[in-house]
Structures are given as C-alpha cells and as structure tokens.
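Undergrad: Take a look at the following structure, please.
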Amino acid sequence: MDAPTTLLLLSIASFIFCSLLFIFQYNKSEQQKIPYWTIAKFLQGLGSLLLYYSGPSPETITGILSSTILLLGCSYEGWAACYITEYRVTKRTHLTISALTIAVCLLTIFISPMDRDAVVFALHSTFYLIPCLVLLNFGIRHSSLKYILSGGFLCLTILYSIGSLSYMSGGIIFQFHTENIIKQILPFSTFFMFIVISFSMLLLAKEKIDIKFNKAKSSLEATESQYQMIVETASEGIMMLDRNFTLTYVNQRLADILGYSREEMTGTLFYNYFHTEQIHQFKEQTCKSKLGQDAVYEQCLKKKDGSTHWMLISAKSIADGNGKFSGSFAMLTDINDRKNFEDKLQDLNTKLAETSITDSLTGLYNRRHLDDRLKTEYNRLSRNNLYISIMLIDIDYFKKYNDYYGHVAGDECLKKVSRIIVDCFFRPSDLVVRFGGEEFLCVLPETDASGALHIAEKIRTMIIKANIEHNKSEICNILTVSTGIYSVVCSPSTEPSSCILAADKALYAAKSNGRNRIEVA
C-alpha cells in the first residue's frame, strides 16, 4: 500500500473516529467526556487529507498548513491521553503550546524544505513523547493497556525522531538517503499506530470508567450497608409507603412497637393501623402528602392486640421524575409514655381545678366558683332582660346541733342536707353552693319569684321528711331550714353581688319571723 493511499485511509479513519466520539460523548456529563480527543481526531483527519491532495511535493503554504494542523491534532491527542491517566492539562498550558506550535510552523517558511520537515518531525516526536512519559508515571497501576499505549507513543516518537534526524542539515546526520524510506514507512507506521493507540485509549478509558464504577459501587454498597444498619438499629420506627399508601418497607423497631412481624406489615395499607373514629385523620394526612406537603403530627395507632400506641409521625412526601406523588417516607417516634404522662397530668390538673372550686365536705361548689359563675350568668341574662333568683338556705340552730351531737355528726348532717338540696334541682344551669358554715346558696337563672318559691318549699319539705333528729332545736325536735329568696330582672346597671345581699336580708327576715319558713324579698 503506497503512501498517498495510507494518508487517505488515515484521514477517513480519523474522521470516522471523530464522528463516533462526538456521538458517544454528546449529552454526556463532563465526568464522562474525554476532552481534546474529538478535536484531535478531526485535526488529524483534516491534516492527512490536505497532505493527500497536495501530493508528494506540496507547495510551501500547503505543507506548512497541513503540518500545523497535524501537529495540533498530535498535541491534542496527547492531552487526551494525559486526561485518561488523571493528569490534568490546564487550559492555559495547551493554549500556550498550541500558539507556540503555530508560531514555530509559520517561522519555518524562512528555512529550507528539508530543515522544515526536520523541525516538524521533531515537534511530532516531542508531542508523542510527552503522553508516553505521562502514561509511564501516572494512571492505573499494573495496567497492560497503559504500557501498550505508551509503547505506541514511544514507537511514533522514535520514528519521527529518526525522520527529523534524516532531514536535519540536508541529511548530514544520516549520510544515506533515508528520507525516501521515511516518507514510505512513516505514513503506514502512523496508520498502524493510529489503530493501536486509538483502541488502546478506548480500552483504557473503559478500564478507567470500570474502576471508577466499581469503586462507586463498592462505596454505594458500603453506604447502603451503613444506612441499613442505622435504619435497622434506629430507636425510631421507619416506614416507606407507595402512592396508594401501602407499606413497602418497615423496620424492626416499628414492627416491635405495634406487635407485628415485618412480613405481616409489609404490603398492608397504612389506614389498617388507624381506629375507625380516626379514619378522617388518615384522609387528612394523605391529602397533604398527595399535594407534596410534609407533615409532623401525633397519631394513636392500633396495635395487633387491639390496644393503642401514641406515635409522633414525621412524614416526607416523595415525587417521581415528573414531579408527581409517588409515595412517602415516615419516621415514627414512640411518645406513648409521654402521652400517658400528659393524660395523667391533665387528670390531676382537672382534679386540682375541681378541688379549688368545690367544698371538700359536701362536694358542692364553693364561693370561688360562685363568684365566676354568678357573674357569667348575670351578664348573659342581662342581654335579654331575663329573671334570676338567688336562694339562701340556713340550717336552723345548727350551732346547737354541733354542740350537742358533735362535729362529726354535724358534718354528716351537712352532707345529708346538701344531697337533699341538689336532688331538688334538675336543670344544668342551676347552681348549688356551700356558702359558708351551715348556709347554702342556690342560683336559678331564668326563674322568677314564684318558681324559686316553689323549689324552696320543696327543699324545706324534703328536709322535714328526712326526719333528721335535732333535740336542741327551739322550734321542733327535727332538723329544719330557713330560706331567703330574691328575684330580679337582670340589668347591666345592677351588680350581681347586690342580689346576694338582698337574699341575705330575706333570710334574716325568715329567721327573725320564727324560722322553718321562706321569705321573699
């Protein structure tokens, strides 16, 4: 195969290789691309094509142009080989060398053709020597491809060095006319090395990618193993749900809390763990997830044995590549002990609040509660000008009862009287209060004097029927009560406390007029 044919094949092969590189590296990430290589093959193809068309004796300008293009392609291929070995050539470096190469080639216009060829061949050998040295000192250790590729560059370095020496100073280094031999051998050798170097670089690039992939895979497997260990040993429950809110993953912690095995929970619908009365909460949270909203909420979940367990659920919505809801990830923290403690604390607070407004002996409300309740009811009734009645009940001669029967019996007597009074009221709005000592106060909203009188008489009669012995009473030998009633249409201009004072005056009148009676103010 003659030199022109070899140059044509080298040009065609370079353009084909350039096209394939462009196609395969198109739309790839920067880490997946090998810079300089595509343009190197394009320049080599263009330079070889120019040499082919210029013939064995090209014009000076054509020869310099083709040589410059080939040298640039040679240098760029060297930078690509350096990149594969992880040796980075900076943009400033390769641009500087490219500019110097062009400048040197342009200066060769002033020297003889043989000296020009000597300079061009010397530059070729230099550009092939650089990647050869880089490959031997950097890159993948113990890689046979690295040595094959560096051997290819070394062969070209030697061939072009011989060519340079054969042309130097009219061939005085090699007295024999080796330039004709070089012109015949060099194109074929370059084409052969082109095939060796190109495929070696491809395989070396693949080997490099495979090594990175294996490292990344090993790192990913190690990371997954670590994450798996963290998830499995986490103190929180962890679960994954698909777009239909079916459990696709459950860690052991969550399964243990709810009393299931992981196999029993996987593939089940999450709403199965909600009580019937809580399904609306499940629907509310699923709607948020479908809208891409994250949520943190407390939820009482149903265990396998039917009991309940409080969890703090932190849910993260997951979207697919199109931004559509594809599922959710949730972390569940056990707050059952905290919720139980809060419930107990709430019960204690409720009991404490009740204790603070109730009389410890009779269980009736005390005066503290009376002040708040009376003010609230009075203001409410004032808006509509409605009646309110205040009833003060006093046990007749109770001090003598205590002195004769003792304080223990006196306490029991107060309990019996308070129960009788309470049993005479049926409306939730009515209020019975232990006003102090042996006195009881009743608040009757929306009740006029006649209605209050009727209830007071019922209370007086029921206490007499109770037949509680009172031998020290000055009116009879059983326990009796005296009652004072005050009824008024509520008005913003009147204070509620004045109603109590008026009822107290009526009570005083009942006691002054013989006791065991009712007086209405």
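Undergrad: Mind grabbing the base-10 log of I(q)/I(0) for the range 368-438 at q = 0.14 Å⁻¹? Debye formula, identical points on the C-alpha positions, no solvent, two decimal places.
TA: -0.57
Undergrad: Of the trypsin sites (Lys or Arg not before Pro) in the range 358-388, which ones lie in a loop per DSSP and count no more than 14 other C-beta atoms within 10 Å? Write out the running numbers ahead of the final one.
TA: Working: sites: R367, R368, R373, K375, R380, R383; in loops: R383.
Here the sparse-neighbourhood loop sites are R383.
Undergrad: Kindly report, to the nearest 10 Å², the accessible surface of Y167 as traced by a 1.4 Å probe over protein heavy atoms only.
TA: The accessible area of Y167 comes to roughly 10 Å².
Undergrad: Now a separate question. Taking 8 Å as the Cα distance limit and 6 or more residues as the minimum spacing, I'd like the relative contact order of the range 264-387 as a percentage.
TA: Numbers: 117 pairs, mean separation 16.6, N = 124.
Computed over the range 264-387, the figure is 13 percent.
Undergrad: Evaluate the relative contact order of the chain (contact order divided by residue number), counting alpha-carbon pairs under 8 angstrom at least 6 apart; express in whole percent.
TA: Contact order relative to length: 8 percent.
Undergrad: In this model, which of K288/K351; K217/K288; K316/K339 are farther than 28 Å apart at the alpha-carbon?
TA: Details: K288/K351 38 Å; K217/K288 36 Å; K316/K339 23 Å.
Beyond 28 Å: K288/K351; K217/K288.
Undergrad: Hey, what's the Kirkwood Rh for the chain if you take every pair of different alpha carbons, in angstrom?
TA: Numbers: mean 1/r = 0.0295 Å⁻¹.
Final number for the Kirkwood radius of the chain is 33.9 Å.
Undergrad: Please work out the Kirkwood hydrodynamic radius for the range 12-55, using every pair of different C-alpha atoms, and report it in angstroms with one decimal place.
TA: Details: mean 1/r = 0.0903 Å⁻¹.
So the Kirkwood estimate lands at 11.1 Å.
Undergrad: Quick one: accessible area per residue over the chain, 1.4 Å probe, rounded to a whole number of Å²? The partial results should precede the final answer.
TA: Values: 28290 Å² over 521 residues.
Ligands and nucleic acids excluded, the figure is 54 Å² per residue.
Undergrad: Show which lysines lie in cross-link reach of K415 when reach means a straight Cα distance below 17 angstrom and same-chain residues fewer than eight apart are skipped.
TA: K399, K465
Undergrad: In the structure displayed, which of K91/K208; K41/K215; K33/K212; K458/K505; K146/K212 lie more than 19 Å apart, Cα to Cα? Mind dumping the intermediate values first?
TA: On the way: K91/K208 22 Å; K41/K215 31 Å; K33/K212 14 Å; K458/K505 21 Å; K146/K212 16 Å.
In this structure, K91/K208; K41/K215; K458/K505 lie more than 19 Å apart at Cα.
Undergrad: For the range 58-123, which GluC sites (Glu not before Pro) pass both filters: DSSP loop (anything but H, G, I, E, B) and at most 16 other C-beta atoms within 10 Å? Don't skip to the answer; put the middle values down first.
TA: Working: sites: E59, E77, E86; in loops: E59, E86.
Those satisfying the criteria are E59, E86.
Undergrad: While we're looking at this one, here's another question. Would you list the P(r) distribution for the range 322-395, with all Cα-Cα distances sorted into 5 Å bins from 0 and each bin expressed as a whole %?
TA: Bin by bin from 0 Å, the calculated values are 3, 10, 11, 12, 10, 10, 8, 7, 6, 6, 5, 5, 3, 1, 1, 0, 0.
Undergrad: Magnitude of the Cβ-charge dipole of the range 268-333, K/R +1 and D/E -1, about the Cα centre, nearest 20 debye? It would help to have the intermediate numbers written out before the result.
TA: Numbers: 8 positive and 6 negative charges, 27 e Å.
Charge dipole of the range 268-333: 140 debye, to the nearest 20.
Undergrad: Another question, if that's okay. When the chain is fully extended, how far beyond the present Cα-Cα distance does E342 get from R92, taking 0.36 nm per residue of separation? Present the calculation step by step, with values, prior to reporting the outcome.
TA: Working: separation 250, 0.36 × 250 = 90.00 nm, distance 6.94 nm.
Residue separation times 0.36 nm, minus the Cα-Cα distance, leaves 83.1 nm.
Undergrad: Could you quote the convex hull projected area for the range 249-361, Cα atoms only and averaged over all directions, in nm²?
TA: About 9.6 nm², averaged over all directions.
Undergrad: When the Debye formula is applied to the Cα atoms of the range 393-521, each taken as the same point scatterer, what base-10 log of I(q)/I(0) results at q = 0.10, 0.13, 0.20, 0.23 Å⁻¹?
TA: Result of the Debye calculation: -0.31, -0.52, -1.17, -1.50.
The values are calculated or read from the model by the stated rules, or taken from the named source; none is laboratory data. Bear in mind that the values here come from a model prediction, so they are computed numbers and not experimental data. All Cβ positions, glycine included, derive from the backbone under ideal geometry; neighbour counts span all protein chains shown. For the accessible areas, the whole protein counts, side chains as well, though only heavy atoms, and no ligand, DNA or RNA atoms are used. Shrake-Rupley method; radii C 1.70, N 1.55, O 1.52, S 1.80 Å.
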